[in-house]
1. Could you list the GluC sites (Glu not before Pro) in region A:201-257 that lie in coil according to DSSP, counting only those with at most 16 other Cβ atoms within 10 Å of their Cβ?
2. How much accessible area per residue does region A:1-55 have, in Å², with a 1.4 Å probe?
3. Work out Dmax and Rg for region B:131-281 from the C-alpha atoms and quote the Rg first, both in angstrom.
4. For region B:276-315, state which residues have at least 50 Å² less accessible area in the presence of all protein chains than in their chain by itself, taking the probe as 1.4 Å and leaving out ligands, DNA and RNA.
5. In nm, give the distance between the simple-model label positions of A:Glu82 and B:Ala356, each being 7 Å from the Cα along the Cα-to-Cβ direction.
6. Grab the eigenvalues of the alpha-carbon gyration tensor for chain A, scale each by 5, take roots, and send me the semi-axes largest first in whole angstrom.
7. Share of Cα-Cα pairs in the protein assembly as shown beyond 48 Å, in percent?
8. Mind grabbing the interface size between B and A? I mean buried accessible area, both sides, 1.4 Å probe, in Å² to the nearest hundred.
Amino acid sequence: MNEGEIDLLIVGAGPAGMAAAVAARSNGLSVRVVDDQTAPGGQIWRAVESVAKTARGARFGDAYRMGADRAAAFRACGALYEPDCQLWQIEQGFRAFLTKDGRAHVVRAKAIILATGAQERPTPFPGWTLPGVMTVGAAQILLKTADMAPKGPVWIAGSGPLPLLYMTQLLAAGGAIAGFLDTTPRGRWRAALPHLPQALANFSDLAKGLRWSLSLRQAGFPIVRHVVDIRAEGEGRLERLRYRAENGRETEIPAKVLLIHEGVVPNIHAALSLGCATKWHSEQSCLVPVLDKWGESSQANIFVVGDGAGIAGAEAAEFRGHIAALRAASRFGKMSEAAAAAAAAKERALLARALAIRPFLDALYAPRPEVFAPPDDTIVCRCEEISAKELRARAAEGRPGPNQLKAFTRVGMGPCQGRQCGYTVAHIIAAAQNRPVAEVGFQRIRPPLKPVTLGELAALDEQEPAA
Amino acid sequence: MTKAEYDVAVIGGGLHGLTAALHLSRAGQRTVVIERRWIGRHASSATAAGVRTLGRDLAEIPISLEAMAMWHRIETIVGDDCGFHAHGQLRIAETEQQMPSLLQREAEVRALGHTHEEIIGAAELRRLLPNLSPHCVGALIARNDGAADPHRTIAAFRRACESASVVIVEGCGVDAAERDRGAWLLACGERRFRAPVVVNAAGAWAGRVASLFGDVIELGVRASMMIVTERLAPLLDPVVSVVGRALSFKQSDQGTLVIGGGLQGSADLERERSSVNFVELAKGARAASDLFPATRGVRIARCWTGIEAQTRDHLPVIGASPNTPGLFHSFGYSGHGFQLVPVVGAIIADIIVKGATKRDITGFAPTRLMPERAAA
């Protein structure tokens with residue numbers, strides 16, 4: 001418990017967290033990085049240290065392999081790195097509560113940089129809780145860390161860059177694809193087109209996307225465009241899929257594995273639990289923390305960087321991490337404000353270029369309305385098994401907000417604390433009460449942010465000196 | 001500006017505000033409940049919902065026993081069983097050295113003529129709690145005690161109020177009060193409510209409400225912390241507390257363990273927020289896992305605190321204001337008001353409608369916490 005206070009605690013060792021650590025260390029701050037993964041890299045560069053130089057690494061491409069250099073620089077920067085370490089609470093002051101190797105402990109820090117990245121947008125649809133249904137992101141983790149491709153041909157459904165990337169990676173790894181149910185609505189290209197000139201600043205990213213699309217088209221599996229409704233069905237596990245195309249025609253097909261993905265949203269639960277102000281990002285249909293130009297939240301000395309600050313990708317994440325570290329360094333007297341401002345100006349110019357493609361991608365891959373309006377029979381809260389029907393019925397009585405609906409129905413009261421159902425609940429309330437979702441807000445986050453056991457918490461008391 | 005006219009305005013939409021309104025309305029009073037946020041926002045929904053006569057302050061025992069009788073027929077009062085189960089509450093001794101204090105308590109309560117608290121030995125303890133750590137030696141038990149479901153209780157009281165024609169106004173905080181032709185005029189933003197009688201049931205904010213009417217009542221605040229775990233197979237029925245440790249331990253209908261006992265987080269009355277202090281809460285986790293070792297690996301789903309009023313002597317404030325005509329107080333329950341909810345509503349209705357109650361509430365008089373009297 002008496003571990004002393006460090007300058008900077010960084011949560012997460014993806015592109016943003018690593019960049020922040022390297023920049024903070026080079027300016028002389030004491031830095032501790034906690035990461036719930038087993039090795040640095042985050043989602044994008046997962047397992048990169050062990051995989052980059054292998055054939056698998058080659059298949060993942062240059063954007064993946066460049067993560068190895070970042071991880072090496074991070075390892076050498078002199079920050080204390082704690083992998084396999086779960087952060088589950090931050091108290092004002094700051095006191096951060098962690099669990100590592102089954103033991104809880106407390107770390108004190110003057111400032112905290114949250115680099116907790118993104119999570120896949122939760123997408124409840126009928127049958128989504130059946131075994132055999134998982135997310136594309138989860139499947140990609142298996143591919144990156146264990147070279148595991150699902151057995152037999154898989155169905156992929158959804159929208160966004162990740163399904164395209166995963167499918168190309170899966171084919172390269174020798175996997176088989178039964179078909180792709182593309183849920184991107186018709187007309188999205190038209191909406192995205194005005195943003196194309198600006199997006200050309202990221203020409204290489206655009207080219208990458210086109211290359212994926214072309215190679216997938218040549219692979220020969222069926223691609224169904226503009227799918228609106230998906231149902232997973234089966235006795236005890238997935239046996240068949242039913243989907244509806246935009247013309248209303250329904251198709252039923254046998255299926256053993258379905259991977260779904262409808263975009264990503266910032267992981268903001270730590271910021272929310274600290275009471276950091278958030279605002280609704282209408283282009284990305286999610287909440288983002290309110291941040292100043294340094295990435296500092298409404299709570300002094302709490303910074304949010306990377307995709308947690310708003311979805312922007314790995315390149316932007318590194319610049320954001322660097323900028324926040326500069327602010328911390330100047331605040332703690334390690335560099336002058338002028339020097340920090342000059343260094344940050346360069347990073348911000350690079351950040352602006354990296355962000356240029358976002359309006360295009362946000363318009364192209366904006367989630368379809370059905371994602372937020374699951375049919376009545378769909379389980380929305382899987383922890384407490386609450387259906388969309390029950391939520392709609394209670395949301396229509398009076399004008400309850402998310403926290404009242406929680407009390408009325410137990411929605412979001414289980415171990416995930418709304419991480420899976422929060423946005424769906426907000427949209428159901430908004431629709432039932434005919435008001436904008438931005439006004440509805442989010443469920444209050446109760447600690448712990450990650451499940452910690454009674455025994456682990458009890459051990460914290462044993463470490464305390466007797467009063 | 002329109003003024004809504006009532007016989008009684010209840011300030012605060014927690015369970016104590018609702019029960020007062022319910023009994024008043026049934027006694028023929030046109031009653032409005034004015035709540036700044038929403039019904040049950042603070043202490044009422046943060047409670048562990050223990051329904052306990054065990055270990056009550058001697059001054060509270062008579063009304064607590066009456067409340068317990070009401071809990072056993074709560075469905076006839078509010079039309080729902082509120083998830084109440086009478087599996088008993090126990091106060092456990094972990095060592096022989098702790099038994100004398102329990103025996104003394106039992107004797108003290110019996111001397112007053114009450115028989116609801118009873119000593120049991122290790123064998124009966126083992127029969128009631130097969131999963132309890134074998135080191136425990138005995139307990140004091142109140143077999144008619146139990147626990148309810150807080151959210152279901154709030155919903156039941158709300159529905160009962162509404163069917164008794166109580167008007168409930170949410171999102172409406174009282175900012176000012178003034179005398180207006182023999183009544184009180186309450187200003188809540190743009191809205192006005194006029195009533196000759198006001199009940200202050202504003203919980204942790206009740207001291208501030210009292211001061212709007214000129215009553216100065218010393219009131220503290222507490223933020224009792226709670227832990228809820230993931231769902232488990234049935235582990236225990238009664239509610240368990242322990243001598244010398246801050247622990248209240250029970251299993252809910254959902255199978256989750258609910259662990260409280262009065263460990264304190266921090267409360268911020270201005271921002272209406274409270275925060276958990278995990279170093280402190282670790283003591284509760286330790287007590288729980290010492291008593292039920294099988295729970296060590298159980299995952300905590302969520303922890304929280306609620307903002308509650310606390311008086312100097314841990315007794316509530318129930319009664320008429322000594323200075324201010326038409327003002328009645330019901331607050332300051334200091335973390336153990338849930339069980340008293342049904343009876344206090346009846347008491348408030350009696351003293352307002354009949355001018356007196358047959359229950360002994362002298363120990364709860366507002367004057368004991370008012371500076372003028374303290375100085376006298």
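1. Numbers: sites: A:Glu233, A:Glu235, A:Glu239, A:Glu246, A:Glu250, A:Glu252; in loops: A:Glu235, A:Glu239, A:Glu246.
Filter output for region A:201-257: A:Glu235, A:Glu239, A:Glu246.
2. Using a 1.4 Å probe on heavy atoms only, each residue of region A:1-55 averages 35 Å².
3. 20.9, 67
4. B:Phe278, B:Val279, B:Ala282, B:Arg286, B:Arg296, B:Arg299, B:Ile300, B:Ala301, B:Arg302
5. Each label point is offset 7 Å from its Cα along the Cβ direction, giving 6.6 nm.
6. 35, 28, 22
7. For the protein assembly as shown, the share of Cα pairs beyond 48 Å comes to 29 percent.
8. On the way: alone 15800 and 20320 Å², together 33140 Å².
Heavy-atom accessible area buried at this interface is about 3000 Å².
The values are calculated or read from the model by the stated rules, or taken from the named source; none is laboratory data. Bear in mind that the values here come from a model prediction, so they are computed numbers and not experimental data. Cβ atoms come from the backbone with ideal geometry, glycine included; neighbour counts cover every protein chain shown. Note: accessible area is taken over every heavy atom of the protein model, side chains too, but ligands, DNA and RNA are not part of it. Shrake-Rupley method; radii C 1.70, N 1.55, O 1.52, S 1.80 Å.
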